[in-house]
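A short worksheet on the structure shown next.
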Amino acid sequence: MRVVIAPDKFKGSLSAPDVAEHLATGLLAGFGDGIQATRIPVADGGEGTIDAAIGSGFTRRTTTVTGPLGEPVKADFAVRDQEAVIEMAAASGLALLPDGPTSETAKTATSIGTGELIRAALDLGCRKIILGVGGSANTDAGAGVLQGLGAVFLDKNGNELPGGGAALAEIDSIDFSNFDVRVEATEFVLASDVDNPLLGASGAPAIFGPQKGATPDDVTELDAALGHFVDVLAGATGQHAKFAAKAEGAGAAGGVGYIAIAALKAERRPGIDVVLEFTELERRLKGADLVITGEGSLDEQSLLGKTPMGVSRAAQRNGVPVIAVCGRSTLSREQLTDAGFHTVHALTDLEKDVQKCIAEAGPLLEQLGKHIGVYLAERTENKEYLNV
């Protein structure tokens, strides 16, 4: 029997590769000889995207870049031939704020490190770059990305501006003389499910700013500063920069989506679709008897295109039944069936204490894997097989 294990991370507990490894260990213990477990860690374009790339043959690279508050940080990215996968949270993420988000960091955090990661990938000869966004600390409209690629922002006195969204209120001109020209010959893919525009009531400052420490006054200040930046960028590069601010996804990652669309000419695609493409999941699950997917919490958000749904759709297209594992599930039996899952196994089925499930996810996943393995062995022995 051949089983493909393609889970996302269990957030706050285990990475996707760890989830796959624990499940495989349990499966082998429960089924015995005669089972092949193919591990394919996946993600939805946010945190864990690098792990998914590494698990699919990319090589991990590490470089030092500028963190969200200007401090040096080591950040990983992944390379395969001329293709790179960048997870912006590694360079510009909320998790890199030493004291957590505050009103001050909401206004000063920068995405410059993400631009520096792009430049590092270009230095390695990459000409297709997948930019996975999510978990960002910045609300700077992606201005820092341009700075990381060599652009210089100047105020009316010709002084260079610091990073962060609030500083953009003072921008008067942009010097592109040292901007990395390799960008023009590079294909960019923005892996994001966020469809917010950059500005206004549903824009990046208003919707995501408070999660990053912004007060109501900060939101007003940032929205005005980002709007001014759009005007200056449009004056320097053309009116397409204004249209891009209204594009779906421009508000992703504090506006990094905006600069990806406006300046990098990126194609925006759902994160799970991008990840399943570079992991070649559909090709690798052909001939499989079963797919196991999952994430920490199966809930209403999962149904909106998160990892388990993407894997389930791919499996159904290839006629392979799907089992889901999770920390907990809040979905009804009908919802799970409609989503294509044959059965669902949650850690809370074994341990009611959620905190214990988080702390002991590895051993509990092995128990679930063993249970699934025993079930599969019994069905195989009786010549009873799962139906799609």
Selection from segment 53-85 of residues within 16 Å of the chain's Cα centre (by Cα) and more than 17 Å from ALA16 (Cα to Cα) yields ALA75, ALA84
Please state which one of GLU47, GLU71 is modelled with pLDDT under 95, open to solvent by 50 Å² or more (accessible area, probe 1.4 Å) and more than 20 Å from ARG2 (Cα to Cα). GLU47
So which helices (runs of 4 or more DSSP H) stay within segment 251-338 end to end and still have 1 or more residues that are within 16 Å of the chain's Cα centre (by Cα) and in contact (Cβ under 8 Å) with a residue 12 or more places away in the chain? 256-262, 271-278, 307-317
State which residue is farthest from VAL374 (Cα to Cα) when the search covers only segment 300-355 and only residues that are surrounded by fewer than 14 Cβ atoms within 10 Å (Cβ to Cβ) and aliphatic (A, V, I, L, M). LEU304
For residues that are aliphatic (A, V, I, L, M) and open to solvent by 10 Å² or more (accessible area, probe 1.4 Å), scanning just segment 123-141, find the one that is modelled with the lowest pLDDT. VAL133
Given the options PHE153, PHE188, name the one that is within 27 Å of GLY310 (Cβ to Cβ) and part of a strand (DSSP E or B). PHE188
For segment 106-121 the number of residues that are open to solvent by less than 30 Å² (accessible area, probe 1.4 Å), in contact with a Gly (Cβ under 9 Å, 6 or more places away or on another chain) and either within 27 Å of VAL274 (Cα to Cα) or outside any loop (DSSP other than H, G, I, E, B) (or both) is 8
Which one of these is more than 30 Å from ALA314 (Cβ to Cβ), touching a Phe, Trp or Tyr at 6+ places or on another chain (Cβ under 9 Å) and at pLDDT 95 or above: ALA109, ALA120? ALA120
Scan segment 50-60 for residues that are of a type outside the set (Gly, Ala, Ser) and surrounded by fewer than 20 Cβ atoms within 10 Å (Cβ to Cβ) and report the count. 3
Do the conditions hold for ASP33, that is, is it open to solvent by 10 Å² or more (accessible area, probe 1.4 Å), out of contact with any strand residue (DSSP E or B) (no Cβ under 7 Å at 6 or more places or on another chain), free of Cβ contacts under 8 Å to residues at least 12 places away in the same chain and of a type outside the set (S, T, N, Q)? yes
Is it the case that GLY238 is out of contact with any Pro (no Cβ under 8 Å at 6 or more places or on another chain) and small (Gly, Ala, Ser)? yes
When only residues in segment 197-212 that are in a loop (DSSP other than H, G, I, E, B) and either in contact with a Leu (Cβ under 7 Å, 6 or more places away or on another chain) or at pLDDT below 95 (or both) count, which is surrounded by the most Cβ atoms within 10 Å (Cβ to Cβ)? LEU198
Confirm whether ILE358 is touching a residue at least 12 places away in the same chain (Cβ under 8 Å) and either exposed (fewer than 15 other Cβ atoms within 10 Å of the Cβ) or out of contact with any Leu (no Cβ under 7 Å at 6 or more places or on another chain) (or both). yes
Scanning for something out of contact with any Ser or Thr (no Cβ under 8 Å at 6 or more places or on another chain), under 30 Å from THR380 (Cβ atoms) and not hydrophobic (A, V, I, L, M, F, W, C), does segment 6-19 turn up at least one residue? yes
Test: GLY362 is in a helix (DSSP H, G or I) and more than 23 Å from the chain's Cα centre (by Cα): no
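The values are calculated or read from the model by the stated rules, or taken from the named source; none is laboratory data. Just so it is clear, the structure is predicted and the values come from calculations on it, not from any experiment. As a convention, Cβ positions derive from the backbone with ideal geometry for all residues, glycine included, and neighbour counts pool all protein chains shown. Note: areas computed on protein heavy atoms with side chains; ligands, DNA, RNA excluded. Shrake-Rupley method; radii C 1.70, N 1.55, O 1.52, S 1.80 Å.
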